[in-house]
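A quick write-up on the structure given underneath.
The values are calculated or read from the model by the stated rules, or taken from the named source; none is laboratory data. Since the structure is predicted, the reported quantities are computational estimates derived from the model, not experimental observations. So basically every Cβ, Gly included, is an ideal-geometry build from the backbone, and we count neighbours across all protein chains shown. Side chains are part of the model used for accessible areas, which takes the heavy atoms of the whole protein and leaves out ligands, DNA and RNA. Shrake-Rupley method; radii C 1.70, N 1.55, O 1.52, S 1.80 Å.
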Amino acid sequence: MNGPVAYLVTTLGCLIGVAGVVVAVVAVRKGRKAARPAAPVDPFRDTDSDALRGDPRRLKPGDIVEIRRVSYAVRGSVHLNEGGWSWAEHLLDTVEGDKRWLSVEEDPDLELVLWTAEPAATITPGASTLDFAGRRYASEESGQARFTATGSTGLDPSGTLRYHDYRAQGGERLSFEAYGQAGWEVARGEQLHRADVMVYPQAGPEAS
């Protein structure tokens, strides 16, 4: 084998070797990517209800939600986060102007609570138990969270929220919330069953 031919054979051999290494590296990378574990999924999540009744976790301003045969428009949404724990509150409005708040939280099961404001209430949080409207409520939890607001909520786009939650026997709730430097707002809450809520997502820039 003369010099030029030997050089050509050697060069081709090197190129084939390099190509083999590249193919092997790509294969390893693809293998690692395919082996990456999927995001955790709640095995008990009621996906059938989400498919049939809409997913309250994805509510946004402009959507329509029906609660016990009463239709509400979602006027605005507040998303809250405290130490990595997150939940949402949505301002609802009927055609008659009846305003309520719907809170959506996974703790770890989906929890839906319909809130009615009590603007005439004069009580303040802090005590271990409170008596209000003929019911006794026990302190459940309190803290401070960061929030972001979208739509028409009457709140700043972002800020802080202080809260103190109470619960009565039977599950009725009493909540105190103070956004920013504002005073306490009081609301009574009733826990809903998943079947009480039907979501009708509306087309829009945030729709999926």
Around residue 126, with a cut-off of 15 angstrom between Cβ atoms, what is the net charge of the other residues, counting Lys and Arg +1 and Asp and Glu -1? -4
With the crude spin-label approximation of a point 7 Å out along Cα→Cβ, what separation in nm comes out for residue 118 versus residue 146? 3.2
With all protein chains modelled, accessible area of residue 99 [1.4 Å, Å²]: 110
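Pulled fully out, how much extra length does the chain show between residue 70 and residue 107, if you take 0.36 nm times their separation in residues and subtract their Cα-Cα distance? Can you show the working numbers first?
On the way: separation 37, 0.36 × 37 = 13.32 nm, distance 2.61 nm.
Fully extending the segment from residue 70 to residue 107 adds 10.7 nm.
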Keeping every protein chain present and rolling a 1.4 Å probe, give me the accessible area per residue for segment 81-149 in Å². 58
Which whole-angstrom value gives the distance between the alpha carbon centres of segment 70-111 and segment 131-208? 7
Full-extension gain between residue 139 and residue 98, please, as 0.36 nm times their residue separation minus the C-alpha to C-alpha distance. 11.9 nm
